[in-house]
Amino acid sequence: MSALKDESSLAKMLLQAGACTDGKDDRGQTALSYAVSQVSENTVKALLEAGACVDSNMTERAFNSSHPSIFKILLEYSKGLSSDMMESALFRAVQKNLHGIVAALIDRGTDINPYNEMQYTPLLLACETGKVESAEVLIKKGADFKIKTPASDTALHLAVQAGAASITNLLLRKGMQVNLRNQADETPLHVAALHNKRALIGLLLNAGAKINAVTKEFVTPLHIASQRGNSDVAQELLHHKANVNVKDRQSKSPLHFAAERGDKTMVEMLLNANADPNAEDREKKTPLHMAAVRGHLSIVEVLLAKKARFGVKDMDGCTPMHYAAIKGNTEIVKILLISGTNKNIEDRNIWRKTTLHIAAEYGHSNLINLLLSHGAAINALDNTKDTPLHCACKAGHFNAVKSLVNWSQGEKANLLAANSLKKTPLQVVELNKMENQAQIVTLLKKKMLITK
């Protein structure tokens, strides 16, 4: 009862009268257990002075109480805390950012660099979780900041990831190298770009961070910021003269990534910093190709306004308009046609396919009508002598077939055109089992009768 009510004088009397310090009740609890649970500080002191034993459950209760001072008492008065118990307590103190207890544990002789089950030291844990005060105590008391996580992240990588400027600054002032790399070959500056920590960019650069540092894939911090859409970081990097046209292992520039994402703010920022709108990646794709294939109309407009070449071909001979046709994006095709004054309408890829072939192959009837109205050759032949009608028939796109055979403004679709296999569009349909086979056969036969 004295333990429950913090009647330390009564507890002392009982102890002097020979009461057992570690006697347990029917619940298996000792007087010290109750005193800790009730935050009975004076009683805890009295029991510890009398030699009461401390176990891990008590330290857990002390941490979970709303008065962490109780743990300080356990630490100060207990004679029998094991090294494992103290190391475990150190990690718990860091997690809760009880920096006073962190300091007390270290002063008591606790190993400052133990490893937990994740192979983290207390300092690594403090940095990753942004526990500023605890990290400062650990650093000032000599924690080894050269130790890395299993992924080779340093304390600096983790502090940057957490956005902890004061920890970052302290580590740098203590002489930590700013360009160390983790398992992904990233420097802390890469990590700042990845996690959008603009406030730390200048701090790292002033400490000697390499602004154009590359990973094994030749990825720079600016690549990462562009790919992730972290415009604040990108702006800061550009302000510090990051190379805007740097290329990764796939020869992609930051503008390629921004265009692919459809990030207009980032695209405009990069272009204003003199990014090359016609930079080619390993597949000879430009940012305009990336924007077209993703259907980003506003990006296409911005790039064209900055002199992006509308007719540029990739390694497959495909122009941005070919890719827009795959997606059936009539608005992008329209703006590309306007930019090329329709001269690019017959551009062919390495398979000799025009944009109309592609539109027919993918069944985009609205796009077919748009292309035909702009003068696309309805009977253009690819390298297998397939016309757009052959392509629509092969794929079983009824509406595409209908648009082609019903076109009447100018040259009409040749229903009897034979490809390199000597097959007409009708024969192509009859050879391929497909959902719309009967409809297409009926339509073609009807049209052939009318045209006879």
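Numbers below:
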| item | result |
| --- | --- |
| Positive minus negative residues near ALA360 (Lys, Arg vs Asp, Glu; Cβ under 13 Å) | 0 |
| Size-normalised alpha-carbon gyration radius of the stretch 303-411, reference 2.2 N^0.38 Å | 0.99 |
| Kirkwood Rh in Å, taken over the stretch 260-342 so that all alpha-carbon pairs contribute | 12.4 Å |
| Highest to lowest packing among 115-126, 352-363, scored as the average C-beta count within 10 Å | 352-363, 115-126 |
| Exceeding the 24 Å Cα-Cα cut-off - candidates LYS141/LYS216; LYS343/LYS402; LYS284/LYS306 | LYS141/LYS216; LYS343/LYS402 |
| Residues in the stretch 396-410 that a label on LYS445 would reach, taking backbone N under 15 Å of a point 7 Å out along Cα→Cβ | none |
| Sites LEU416 and HIS239, calculated FRET efficiency, Cβ-Cβ separation with R0 51 Å, nearest 0.05 | 0.20 |
| Relative packing of 210-218, 422-430, which averages over residues the other C-beta atoms within 10 Å, highest first | 422-430, 210-218 |
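Where a number appears in this text, it was derived from the coordinates with a stated rule and is not lab data. Keep in mind the model is a prediction, meaning the values are calculated, not measured. When we count neighbours, we look across all protein chains shown, and the Cβ atoms used for this are built from the backbone with ideal geometry, even at glycine.
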